[in-house]
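Working notes, beginning with the structure itself.
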């Protein structure tokens, strides 16, 4: 009898907490989040985190994918600026037909295919576009490239023909969306459930399912300590690096499990197969696209400090264009008082406040992403700042030469 009473007391004492946790999805959270009822949806974050949320929606992470429209597509549809020319009579024209936007292929003036812009991928350096055909996604042949200020051949596409049939694999979506469910298809085709697509990298992709957190904090507004949610500051250095490395550790390694299941705090080794190409021991050979989490740990700055990705990057703020801001991060650690200041400081003068990144994290051309210009234009390299922080003598010479011209 005593055992029964103790059991009854324990069960009754747990009811309030279990009620909160199991009913949380009904309080301000979507009832049909495709990831499950423990997810609240990013909109539920606004009430308590409006400043962070309103800042985050302008970032490259949040906007890394979205519905294609006249307002979101960066390229021009104006006659004379709305085409990509391959040569040999092949051309793709960007056109508005009715209420939809299309890429239309021509061979010697004859239309040979047309598909709609439906999804944008990318924001700053380049933008690629996808379209649906039943339950499959395909990449459109023409992309927008910021360095050219116009249309360009989509990365990896053949320049001798117009191809509307390049399928999109799940790994692309695992790093450019927050979720999409698989649909089994025959003949090794990869299908997706369009209704389950969650665009961009949303709050819960990084912080984990938030429904329990939302419900608890609503029920306990005076408790200022975040419950039932993962915060970056609570992670170890290795966990922080893994959280970013899910999508920033290169394209040669493949997922053993879907990246959609990865939560901050998980061990990436359980999700992603390592790259055994041998390049990991040769940082100078690693491609700058997507290898940030491999290049950074090879840097003396990383080895000799406790820095991690968050030391320089605030994912809640659109800071990717501000080189001066990143330079200030360098100067926070490298000072005359610490005797680790730049040896070129006397030559640079006040310019040192702007050029740390240019010298020590120079832009390098990606060998993974190559974008071809329209016929008659010069190709432009896809440039990204290397995350191997080091001394690059040639880059330093370029910076000094540029500063000298500015002073004349």
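Coordinate-derived values only; no laboratory data. Source: prediction; values computed, not measured. With ideal geometry, Cβ positions are generated from the backbone for all residues, glycine too; neighbour counts draw on all protein chains shown.
Among rounded, prolate and oblate, which fits region 259-407 when a ≥ b ≥ c are the square roots of the eigenvalues of its C-alpha gyration tensor, a/c under 1.5 means rounded, and a/b larger than b/c means prolate?
Verdict is oblate for region 259-407.
Label residue 335 and residue 196 with points 7 Å out from Cα along Cα→Cβ: what is the distance between them in nm?
5.2 nm
Taking the Cα centroid of region 45-96 and of region 230-267, what is the distance between the two, rounded to the nearest whole Å?
Using only Cα atoms to place each centre, the spacing works out to 27 Å.
Starting from the Cα-Cα distance between residue 238 and residue 368, subtract it from 0.36 nm times their residue separation and give me the gain in nm to one decimal.
Gain in length upon complete extension: 44.1 nm.
Which FRET efficiency value, to the nearest 0.05, is calculated for residue 379 and residue 311 with the Förster distance at 30 angstrom and r the Cβ-Cβ distance?
0.30
Any chance you could run the full-extension gain for residue 132 through residue 344? It's 0.36 nm times the residue separation minus the Cα-Cα distance, nm to one decimal.
Length difference between fully extended and current span is 70.9 nm.
Express in nm, to one decimal, how much length is gained between residue 110 and residue 73 on full extension, taking 0.36 nm for each residue of separation and deducting their alpha carbon distance.
Here the segment from residue 110 to residue 73 would lengthen by 10.8 nm.
Obtain the nm distance between the two label points defined at residue 322 and residue 171 by a simple spin-label model: each point lies 7 Å from its Cα along the Cα-to-C-beta direction.
Result: 3.4 nm between the two label points.
Given a cut-off of 17 Å, what percent of all Cα-Cα pairs of region 54-198 lie beyond it?
Roughly 61 percent, once rounded to a whole number.
Please work out the FRET efficiency for the pair residue 401 and residue 160, using the Cβ-Cβ distance as r and a Förster radius of 45 Å; give the result to the nearest 0.05.
0.65
Pop the C-beta distance of residue 354 and residue 187 into the FRET formula with R0 = 45 Å and round what comes out to the nearest 0.05.
For residue 354 and residue 187, the calculated efficiency is 0.25.
Can you compute the helix-only [θ] at 222 nm over the chain? Use -39500 (n - 2.57) per DSSP H run of at least 4 residues, normalise by all residues, nearest 500 deg cm²/dmol.
Computed ellipticity for the chain at 222 nm equals -8000 deg cm²/dmol.
Per-residue counts of other Cβ atoms within 10 Å, averaged by peptide: what ranking do you get for 352-364, 220-232, highest first?
Final packing ranking: 352-364, 220-232.
Could you tell me the relative contact order of region 35-98? Use alpha-carbon pairs under 8 Å, at least six residues apart, and round to a whole percent.
In percent, rounded to a whole number, it is 16.
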